[in-house]
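Below: one structure, written as structure tokens.
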Amino acid sequence: MKKSILIAAALLFTSSAPALAHLDPAEHGSLLAGLSHPFFGADHVLAMVAVGLWAAQIGGRALWSVPAAFVTTMMLGFALALLGAPLPFVEPAILASVVALGLIVAMAVRLDVSMAAAVVAVFAIFHGHAHGGELGNAGAWSFAAGFLIATVLLHIAGLGLGMGLSRLANRGIVARILGGVTALAGASLLFG
């Protein structure tokens with residue numbers, strides 16, 4: 001039985017074709033390419049969900065203002081990329097954002113809402129600039145609308161997860177564990 005499973009797994013791995021990281025805008029349209037873009041990068045998914053988790057940990061006004069700060073500043077970063085404004089260390093900053101946001105959630109850091117919004121805004125400008133740099137032949141604003149919607153959906157997923165965890169008896173520890181896992185995943189992306 002074990003031998004047949006190993007043979008089947010070997011055949012599966014040797015017969016698979018390489019996966020495309022993003023949809024081709026020429027084939028699928030700019031909006032759909034932008035919408036799918038954040039979902040195909042673990043760095044984007046982890047960071048966006050962590051923003052929602054952290055906002056849920058803080059609660060109150062942070063539920064909307066922290067994700068809104070991320071989205072707004074991300075669009076500024078996108079516009080800067082379209083204008084050709086250079087931004088150093090974009091990819092390292094994105095990976096650092098995953099680790100930092102994971103650690104922030106893991107440590108359940110409580111900041112004033114405006115300070116928390118400022119923290120996520122710093123990371124968001126790099127995420128937005130990366131989206132602008134990866135635009136390719138997509139239409140800029142329809143692509144932007146797509147990744148804007150995807151980002152909001154990922155923030156909502158993090159908020160929903162965080163708010164759902166608040167109903168559990170050990171809510172604090174589960175969210176903190178998720179933050180730690182996020183930080184470790186970010187570190188593995190750094191060194192992977």
Cβ-Cβ below 6 Å, separation at least six or inter-chain, first residue in the stretch 131-152 and on the phi > 0 side of the Ramachandran plot, second part of a helix (DSSP H, G or I) and modelled with pLDDT under 85: which pairs?
none
Within the stretch 48-76, track down each residue that is touching a Ser or Thr at 6+ places or on another chain (Cβ under 8 Å) and of a type in the set (Val, Ile, Thr).
49, 71
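Are any residues in the stretch 55-89 small (Gly, Ala, Ser) and in a loop (DSSP other than H, G, I, E, B), and if so, which ones? It would help to see each step written out before you state the result.
First, the residues of the stretch 55-89 that are small (Gly, Ala, Ser): 55-56, 59-60, 62, 65, 68-69, 77, 79, 81, 84-85.
Of everything in the stretch 55-89, those that are small (Gly, Ala, Ser) and in a loop (DSSP other than H, G, I, E, B) turn out to be 59, 60, 84, 85.
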Can you say whether residue 81 is touching a residue at least 12 places away in the same chain (Cβ under 8 Å) and under 27 Å from residue 177 (Cα atoms), as far as the supplied structure shows?
no
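For the stretch 111-142, how many residues meet the condition of being at pLDDT 95 or above and not hydrophobic (A, V, I, L, M, F, W, C)?
Within the stretch 111-142, residues that are at pLDDT 95 or above and not hydrophobic (A, V, I, L, M, F, W, C) number 5.
If you check residue 63 against the conditions, is it surrounded by fewer than 21 Cβ atoms within 10 Å (Cβ to Cβ), modelled with pLDDT of 95 or more and either closer than 11 Å to residue 51 by Cβ or of a type outside the set (Gly, Ala, Ser) (or both)?
Working: surrounded by fewer than 21 Cβ atoms within 10 Å (Cβ to Cβ): yes; modelled with pLDDT of 95 or more: yes; either closer than 11 Å to residue 51 by Cβ or of a type outside the set (Gly, Ala, Ser) (or both): yes.
Against the criterion (surrounded by fewer than 21 Cβ atoms within 10 Å (Cβ to Cβ), modelled with pLDDT of 95 or more and either closer than 11 Å to residue 51 by Cβ or of a type outside the set (Gly, Ala, Ser) (or both)), residue 63 qualifies.
The values are calculated or read from the model by the stated rules, or taken from the named source; none is laboratory data. This is a predicted model, so every value here is computed, not measured. Cβ atoms come from the backbone with ideal geometry, glycine included; neighbour counts cover every protein chain shown.
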